[in-house]
């Protein structure tokens, strides 16, 4: 059983595979709160506490927040009632309903996100989930984990990923810089990233850092130095889970990426759907 915050079909809006049709499985729970986004440095957002969990019965109706974590209800225990426990079979049933032809194929990906999808309790369930998908011949060929990069790859999951020699895996690592409000030592874990790199030819890793100004660039440089993994691409992505803040920062961040020779990631879901839940 997996506690599922959201399960939906949409376009990947960020990182290496922008525009790719994908099934998103958002699991509940995270080891961070990321309350520093969108507020003055050193401050913590309390905006999510203004949302009354008793007033909502489904994720789609929840309001977005302009500060702090934009997926707050996927880990804040006040909202856990909105996240049902689902069996692997129920999850795959729903995936088949969502996919246009019930299959993935080369053009449709599976994305495990959160919260933090690499929490150990959920890692223990993924081998069974993958086994259920492959038992049904759904032609899954690409899997992405959207992770904060603090949770080592569990041995059982690593063995399962290795056993599917036709499956390509990507770890989209959005480790949390100081702008997030999280402590540096808790967020930047080079040994964890090395544990994720289980294969040279079927495992992709890239870094995707949320930034808003020149101050954040020093954090990016410091993180790159600590990780010491020059073979992995670096993306800069604008802060802002709502259109107004995103609109204020995205061009500036694109210019910073260009100036420093790093890649730029949009947040396409904001452009298309305003980053609403289930998009």
Both in Å, the radius of gyration and Dmax of the C-alpha trace of the stretch 126-225 are 15.7, 49
Add -39500 (n - 2.57) for each DSSP H run of 4 or more in the chain, then divide by its residues: what number comes out at 222 nm, to the nearest 500 deg cm²/dmol? -8500 deg cm²/dmol
With the cut-off at 1.5 for a/c, could you classify the stretch 2-273 from its C-alpha gyration tensor as rounded, prolate or oblate? oblate
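What Kirkwood hydrodynamic radius, in Å, does the stretch 51-210 give when the mean of 1/r is taken over all pairs of distinct Cα atoms and then inverted? Could you put the intermediate results ahead of the total?
Values: mean 1/r = 0.0578 Å⁻¹.
It is 17.3 Å.
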Once fully extended, how much extra length lies between residue 41 and residue 141, figured as 0.36 nm per residue of separation less the alpha-carbon to alpha-carbon distance? 31.9 nm
Gaussian network model of the chain, Cα springs within a sub-10 Å range: biggest mean-square fluctuation belongs to which of 83, 172, 195? 195
Can you tell me the relative contact order of the chain? Whole percent, Cα pairs under 8 Å, sequence separation 6 or more. 21
In the stretch 29-114, if every C-alpha pair distance is counted and binned at 10 Å from zero, what percent goes to each bin? 15, 36, 29, 17, 3
Between 102, 261, 15, find the one with the highest GNM mean-square fluctuation for the chain; connect C-alpha pairs within less than 10 Å. 261
Highest-first arrangement of 178-186, 158-166, where packing means the average Cβ count within 10 Å: 178-186, 158-166
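All of the numbers you see were taken from the coordinates with simple rules; none came from a lab. From a predicted model like this one, the values you see are computed outputs, not experimental measurements. Using ideal geometry, Cβ is built from the backbone for each residue, glycine included, and neighbour counts are taken over all protein chains shown.
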